[in-house]
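Enquirer: Below is one structure. I have some questions about it.
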Amino acid sequence: MMAIASLSIIACSPKDAFYWQTKGGSMYLLSADKTPVGQLLDNKPEGMKVAGETVRIDSSTFKIVRRYTAVREIDSVSLSLDFRHHSRSHFWMIPAVSYNGNQWGRGKEPKGAAENGHWRTFSYRRTPIPGATYSEGERFAVATWSDTPDGEYHDFSCSLVPEESQTTHRILWPEEELPTMYNDRDRYTSGYKKHVRLKKGDTVTLTLYLVVSAVEPDHRAMHHFMRRAWEYSEKPPVPVFDAQKLWELGIRYATESLWAEESSFKGFSIGLNADGEKGWKQRSGGKYEIGWCGQNASLANSLLTDYLKNGRAESLNKALATLDTWATACPLPNGLFVAHYDNILNRRDNFVMDACNLGVAALNFFEARDLTRAAGIDRPQYEHIARNICDFVKADQQPEGVYARGWTPDGKCYVREGTIGCFMVPPMLEAYRRSGDSAYLISATKAYAYYLKGLKTDGYTTAGALDTWCIDKESSAPLLRSSLMLYDITGNPVYLDDAVSVSYYLSTWLWHYQGIYPDGDNFTEYSYSIFGATSVSVQHHHLDPYALSWVSDWIKLADLTGDSQWKEKALAIWRNGSQLVSDGTLEINGRIRPAGSQNEAYFECNWAFGASGKRINSWLVAWPGAFRLETLRRLNDYQIVEE
């Protein structure tokens, strides 16, 4: 039998927005009008006594603590602490893991809350807020999460159980991932559960933070949860190089390690792979890309900026050689633009030009025109390329506003589903800003409304990461930039509101804590902090620094709204994404990395980690450095990321 101990609860009354009532030995949460919200359930394992308290943090936030103490030796124990919301869910989420069950997309990521009749459980390490779960019922939205464990012994898991008339938010100890474990893209392995033996007197503490609010249209109740989670999050200091040094290292990596000349091509390799025992070599296939991972156009613009700031002739020469290479060989008569130079070198005529690369190309060619003018070198063809891309996409736009995911060289649409077409909205707005032609603004506004409606209706965006076909974060980045650009153009505060909504969705991918990893682990060995990183997608459960691409947008949003959380998050992203940038002497996993290089992926959980045993991969891709340089040239004030 379970030993009995006292449980203390906060003093509260029906005058509070939400209050607790004890009935039949159980605790129930009620709203001010006495509507039942849900019930607190903690299991009572034999051989343990339980004590704890429930503390009100504010009108809708509670901290629930339960301490379980073994009164005798126990060979194996399973503990759980639940809040059972007395309503079916219209929308539910385990941030960065599952958005309403991940039913959108063609990947094989975890679909639904259950597998073969068993509810899925996930390690807290997969979630950006420890063990977070969220659901929207008939009247109330409920969110729960826990504290970051201070060691492996306290590692735990979470689960969300949406049933016909109730939704259970659950944390579990010890850590488990059942019934199977998602361990690589579209791959599963056997599930696991840690076995813990308790001696008499051993204590385990479970903590559950609970936020309750009224359901709002467009999933806006999520804002209350995400704001609280950030306010109460750990915000550890993350030391990195100063911005000026990061600029110098970024320029060095582009010019010393990524620079490539092959046949008609002059520009930048997509990145370096390990070569032999100690060396590095440029990737041998899929080598040259205008945007996305290769970022040739952005790197060229950063070199132009470097020339304007520092007068380095090498930067000017390589920037012009890159842009001229692409500008000469890649424009098509219909206005489209070959986004992968490999297709030119290999004389391919059957390929797809995606909206992500085309949007990046157009935006950067507009900027390149300005930068070359500032350098006293006029390249009107750069702006023509950008305008032609916009003209093609505008002409292909569908009546409801949607663009496309991509097109074949003859101008045929590849597919239209997903949010990825939104990458064309910022260059369309830039075309309007430069030309004053309202046709660009009308097109951009229609497309923006179409893609934003998808986020507001579904609660997620999709397929921005070109190597996945699923719910992700990257597809929301152009929505954020578009909303800020539309606010600048129109002054309509609705667009600023939209920017906030998009930013809260992006925040569901942002790591709010620093995980604890054991001695000998890659993260411990190289002092890598996961705080401020973002997960890629529900199909790719690893961290990367992609959020560097919207640092300047969140700094701007903080200025426009007066809400400091956006600048705090922007600086957290900057510091996270500026870790482990090599100064030319950095050795990781037995290899010294070239100056300015940085790897792409960090495996914070059991996804893609088990086979290699290394949490830090060795793919020194171009885009993280390109995004850092791009952020600095947008800010024009390096001190803003030094605060």
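The values are calculated or read from the model by the stated rules, or taken from the named source; none is laboratory data. The structure displayed is predicted, hence computed values, not measured ones. FYI the Cβ positions are ideal-geometry reconstructions off the backbone, even for glycines, and counts take in every protein chain you see. Side chains included, ligands, DNA and RNA excluded: accessible areas come from the protein's heavy atoms. Shrake-Rupley method; radii C 1.70, N 1.55, O 1.52, S 1.80 Å.
Enquirer: Residue by residue through segment 240-256, which ³J(HN,Hα) values in whole Hz follow from phi under the Karplus form 6.51 cos²θ - 1.76 cosθ + 1.60 (θ = phi - 60°), with glycine and proline marked x?
Expert: My calculation for segment 240-256 gives 9, 4, 5, 4, 5, 5, 5, 4, 4, 5, x, 5, 5, 5, 5, 7, 9 Hz in order.
Enquirer: Would you mind computing Rg(Cα) / (2.2 N^0.38 Å) for segment 72-178, counting N as its residues?
Expert: Working: Rg = 14.1 Å, N = 107, 2.2 N^0.38 = 13.0 Å.
Cα Rg divided by the expected 2.2 N^0.38 Å: 1.08.
Enquirer: Right, something else. Enumerate the lysines that K446 could reach by cross-link, defined here as Cα to Cα under 20 Å, with residues fewer than 8 away along the same chain left out.
Expert: Within reach: K394, K456.
Enquirer: Related question: So what is the calculated 222 nm ellipticity per residue for the chain, using -39500 (n - 2.57) for each DSSP H run with n of 4 or more, over all residues, to the nearest 500 deg cm²/dmol?
Expert: That calculation yields -9500 deg cm²/dmol at 222 nm.
Enquirer: Now for a different question. So how tilted is helix 222-231 from the main axis of the chain? Cα-based, degrees 0 to 90, rounded to 10.
Expert: 90
Enquirer: Please work out the Kirkwood hydrodynamic radius for the chain, using every pair of different C-alpha atoms, and report it in angstroms with one decimal place.
Expert: Kirkwood radius, the chain: 25.9 Å.
Enquirer: Return one number: the angle in degrees, 0 to 90 and rounded to the nearest 10, between the long axis of the Cα atoms of helix 296-310 and the longest principal axis of the Cα atoms of the chain.
Expert: On a 0 to 90 degree scale, this one is about 80.
Enquirer: Show me, for segment 77-93, the HN-Hα J-couplings you get by feeding each phi into the Karplus relation (A = 6.51, B = -1.76, C = 1.60, θ = phi - 60°), rounded to Hz, glycine and proline as x.
Expert: Result, rounded to whole Hz: 9, 10, 10, 8, 10, 10, 10, 9, 6, 7, 6, 5, 8, 8, 7, 9, 7.
Enquirer: Okay, moving on. By average Cβ neighbour count within 10 Å, what is the ranking of 99-107, 19-27, 135-143, 576-584 from highest down?
Expert: 135-143, 576-584, 99-107, 19-27
Enquirer: Next question, about the same structure. Which angle between 0 and 90 degrees, to the nearest 10, do you get for helix 425-435 versus the longest principal axis of the chain when only C-alpha atoms count?
Expert: 40
Enquirer: Beyond 17 Å, how much of the Cα-Cα pair distribution for segment 535-643 remains, as a whole percent?
Expert: 58
Enquirer: Mind jotting down the distance between the C-alpha centroids of segment 44-120 and segment 373-406, whole Å?
Expert: Using only Cα atoms to place each centre, the spacing works out to 49 Å.
Enquirer: Right, another one. Averaged per residue, what accessible area in Å² does segment 273-379 show with a 1.4 Å probe, protein chains only?
Expert: That works out to 39 Å² for each residue.
Enquirer: I need the peptides 548-556, 488-496, 46-54 ranked by packing, meaning the mean over residues of other C-beta atoms within 10 angstrom, with the highest value on top.
Expert: Highest to lowest by the protection proxy: 548-556, 46-54, 488-496.
Enquirer: Also, quick follow-up: As a quick test, which of the pairs K23/K44; K111/K569; K63/K235; K44/K200 have an alpha carbon distance above 21 angstrom in this structure?
Expert: Beyond 21 Å between Cα atoms: K111/K569.
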